[in-house]
Every structure is written in structure tokens, then in C-alpha cells.
Amino acid sequence: MTLHDSTLTTIRGDQVSLADYRDTVTLIVNTASRCGLTPQYAQLEDLQRTYGPRGFAVLGFPSDDFQQELGTREEIETFCSTTYGVTFPMFDKVAVNGAARHPLFDELTRVPDADGEAGDVRWNFEKFLVTPDGAVHRFRSGVEPRDPQIVDLIEASLPQRPS
């Protein structure tokens, strides 16, 4: 299996394929609504609004692996849209660790972070930047979405603006 073979369920229950994002720079994030890092939603939305028109998308994956996510799809969607104005695609709640881990996160967690460590997601708001060539770059939760290392990689991976 490759990343783009993943079938996903949106927060509204529709089926989509990650292949739909093959030519897009994507930032895949495991999210939670009741976490100290939840304000990162604002920076994620800022990235979406800034770079979305150029071929970028944040993909949010709510997870209750750390017992900090709301119960239903509707609660999560309402929280994200009313509290943070989220417009980027949100998906159904998934497991990011353990035996029930979603196949997408099976693939993503094989990628090492900047310290060379692969394996389980350690906390909410871990980020995986996937470039159109299929390269995956992993950023742990403490790296904020607007951190220069993420922004620079997004900008370098997007089509250049005409002069």
C-alpha cells in the first residue's frame, strides 16, 4: 500500500481517496478539540487560506487516542467551524496508534522525525507534510504549523508563482 491508496471518510461521512490529493502539497494532522495544543487549529487554517489557492491542503484527522476529542462527527465539525473557522477538509475520527490504527497512519508513522525516530504518534497535532513527489516529512506536536521549517517546505514544494 502507498499513501495515496488510502480510502478516507470525511467528517460528513463521504468516501474520498487520498489519491484526490496526489498533486497537492498536504499537511496531515491528527487533531483533538480539548487539548492544550488545540489553538494550533488557527495556524492550520491560516496556512490553508494562505497556500490553498496554490495547491496546498491541510487534512485534519480527529483522534481520541489521547482522550481529548469530542464524541460525535457533528460535535467535532461544529467546534472546528465555530471556534476556529476551519475550512480545510476534516475527516472522521481515526485511531493513530495501536491495533486499530488507520492504514493511513500505518504508513505515516513509518516515517522518522527530525531526530530519526519513527513509530507511534506521541500526541495530538503531530504533522506529516506530503509533497506531490510522495516525500513525507514528519513534525512532532511541539512544532507549530507556522514554524519556518514547515512554511519553507510548503513554499518550496508549491508551484512557483509567475513573475
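So which pairs qualify, if the first residue must be in segment 9-28 and surrounded by 13 or more Cβ atoms within 10 Å (Cβ to Cβ), the second must be basic (Lys, Arg) and modelled with pLDDT of 95 or more, the Cβ gap must be under 8 Å, and the two must be at least 6 apart or on different chains?
Here the result reads 27/127; 28/127, each pair linking segment 9-28 to a residue that is basic (Lys, Arg) and modelled with pLDDT of 95 or more.
Restricting to segment 62-93, count the residues that are more than 15 Å from residue 13 (Cβ to Cβ) and in contact (Cβ under 8 Å) with a residue 12 or more places away in the chain.
15
Rundown of residues vs (1) in contact (Cβ under 8 Å) with a residue 12 or more places away in the chain; (2) crowded, with 16+ Cβ neighbours inside 10 Å; (3) outside any helix (DSSP H, G or I), yes/no style:
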| site | (1), (2), (3) |
| --- | --- |
| 115 | no, no, yes |
| 119 | no, no, yes |
| 122 | yes, no, yes |
| 128 | yes, yes, yes |
| 141 | yes, yes, yes |
| 146 | yes, no, yes |
| 150 | yes, yes, no |
| 154 | yes, yes, no |
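I'm trying to understand the selection: among the residues of segment 96-111, which are assigned to a helix (DSSP H, G or I), out of contact with any helix residue (DSSP H, G or I) (no Cβ under 9 Å at 6 or more places or on another chain) and among the charged types (D, E, K, R)?
Start the filter on segment 96-111 by keeping residues that are assigned to a helix (DSSP H, G or I), which leaves 103-108.
Now drop any that are not out of contact with any helix residue (DSSP H, G or I) (no Cβ under 9 Å at 6 or more places or on another chain), which leaves 105-106.
Correct list: 106 only.
Taking residue 93 as meeting all but one of (1) over 13 Å from the mean Cα position of the chain (by Cα); (2) farther than 20 Å from residue 156 by Cβ; (3) in a loop (DSSP other than H, G, I, E, B), write down the number of the exception.
Against the list (1) over 13 Å from the mean Cα position of the chain (by Cα); (2) farther than 20 Å from residue 156 by Cβ; (3) in a loop (DSSP other than H, G, I, E, B), residue 93 comes up short only on (1).
Which of the residues belonging to segment 30-50 are assigned to a helix (DSSP H, G or I), buried (at least 20 other Cβ atoms within 10 Å of the Cβ) and hydroxyl-bearing (Ser, Thr, Tyr)?
If the condition is that a residue be assigned to a helix (DSSP H, G or I), buried (at least 20 other Cβ atoms within 10 Å of the Cβ) and hydroxyl-bearing (Ser, Thr, Tyr), then 41 is the only one that fits.
Looking for whichever is surrounded by 16 or more Cβ atoms within 10 Å (Cβ to Cβ), among the aromatic types (Phe, Trp, Tyr), at negative phi and in contact with a strand residue (DSSP E or B) (Cβ under 6 Å, 6 or more places away or on another chain) here; the options are 79, 61, 66. Which one fits? Before you say what the answer is, go through the steps one by one.
On the way: 79 fails: in contact with a strand residue (DSSP E or B) (Cβ under 6 Å, 6 or more places away or on another chain); 66 fails: in contact with a strand residue (DSSP E or B) (Cβ under 6 Å, 6 or more places away or on another chain).
Checking each option against the conditions leaves just 61.
So which residues in segment 130-139 are in a loop (DSSP other than H, G, I, E, B) and either of a type in the set (Ser, Thr, Tyr) or touching a residue at least 40 places away in the same chain (Cβ under 8 Å) (or both)? Give the steps one after another, and end with the answer.
Looking only at segment 130-139, we keep the residues that are in a loop (DSSP other than H, G, I, E, B), and these are 131-135.
Answer for segment 130-139, where residues must be in a loop (DSSP other than H, G, I, E, B) and either of a type in the set (Ser, Thr, Tyr) or touching a residue at least 40 places away in the same chain (Cβ under 8 Å) (or both): 131, 132, 134.
Every residue in segment 115-127 that is of a type outside the set (Phe, Trp, Tyr) and either in contact with an Asp or Glu (Cβ under 6 Å, 6 or more places away or on another chain) or within 21 Å of residue 43 (Cα to Cα) (or both), please.
Start the filter on segment 115-127 by keeping residues that are of a type outside the set (Phe, Trp, Tyr), which leaves 115-122, 124, 126-127.
Result: 121, 122, 124, 126, 127.
The values are calculated or read from the model by the stated rules, or taken from the named source; none is laboratory data. Please read all numbers here as calculations on a predicted model, not as lab measurements. As a convention, Cβ positions derive from the backbone with ideal geometry for all residues, glycine included, and neighbour counts pool all protein chains shown.
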